[in-house]
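The values are calculated or read from the model by the stated rules, or taken from the named source; none is laboratory data. Bear in mind that the values here come from a model prediction, so they are computed numbers and not experimental data. Glycine also receives a Cβ, built like all others from the backbone with ideal geometry; neighbour counts cover every protein chain displayed. Just so you know, the surface numbers come from the protein's heavy atoms only, side chains and all, with ligands and any DNA or RNA stripped out. Shrake-Rupley method; radii C 1.70, N 1.55, O 1.52, S 1.80 Å.
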Amino acid sequence: MIYLLRGRVQELAPTYTVVEVAGVGYYVGISLQTSQRLVLGEETLLYTQQIFREDAQLLYGFSSLLEKEIFNLLISVNGVGAVSALILLSSLSLEEIPNAILSGNAALLQKVKGIGAKTAERIIVDLRDKMQKYAISGENISPHSYNKTKEEALSALEVLGIPKRSSEKIADKFLKQTPELSVEDLVKQILKSL
């Protein structure tokens, strides 16, 4: 398995690069994010993911480990191939993808070419728990604050004798509609719904 390449950029296009390492040129599929960080003729380091198929051995490169890890999570979803994952990484930032998944924003994912409603929902369902560690505060809601608000509200309700299981789905529904709810307002909304 080729884990990384350090070498000179010999060819550069928006979707691929050729990196020369010790006289061998490696053809590497890349996202637009990675493409923008590379300079023709300059030394670079790319983290790589090798994919073996019946008819091909493919190599994909990433300018950061974060991008590589998100790529691997995306291709783990049934129906999302390497090309779709690269298009997602090219269309959305490394902050937008985890935020969209954690907040259940299927509409944002569907704006990406080749991602339909069913695939967007599958990505959200399959990756919501796995994306927690990639949560980054962006322009949208911060998944950390989303989870913190939810956890504090559920703890407060448990103190009032309301089991976590019965209030968790209601909390998710309200936070999806209004992500900036305070803990107090969320508790009030859940109590009204029970």
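When Q33 is evaluated against the numbered criteria (1) under 17 Å from V112 (Cβ atoms); (2) in the same structural domain as D126 (by the TED database), which criterion, by number, is the only one it fails?
(2)
So which residues in the stretch 5-19 are in contact (Cβ under 8 Å) with a residue 24 or more places away in the chain and open to solvent by less than 70 Å² (accessible area, probe 1.4 Å)?
L5, G7, V9, L12, T17, V19
Please go through the stretch 86-133 and pick out each residue that is open to solvent by less than 10 Å² (accessible area, probe 1.4 Å), more than 10 Å from the chain's Cα centre (by Cα) and under 21 Å from Q36 (Cβ atoms).
Within the stretch 86-133, V112 is the sole residue that qualifies.
Which residue is most open to solvent (accessible area, probe 1.4 Å), if the candidates are limited to the stretch 20-33 and must be touching a strand residue (DSSP E or B) at 6+ places or on another chain (Cβ under 8 Å) and under 20 Å from S90 (Cα atoms)?
Selected residue: Y27.
Condition first: among the β-branched types (V, I, T), under 24 Å from L74 (Cβ atoms) and at pLDDT below 85. Now tell me which residues in the stretch 116-169 satisfy that.
Residues satisfying the conditions are I136, I141.
If a residue has to be in contact with a Lys or Arg (Cβ under 7 Å, 6 or more places away or on another chain), assigned to a loop (DSSP other than H, G, I, E, B) and farther than 28 Å from L5 by Cβ to count, how many in the stretch 68-118 make the cut?
Counting residues in the stretch 68-118 that are in contact with a Lys or Arg (Cβ under 7 Å, 6 or more places away or on another chain), assigned to a loop (DSSP other than H, G, I, E, B) and farther than 28 Å from L5 by Cβ gives 3.
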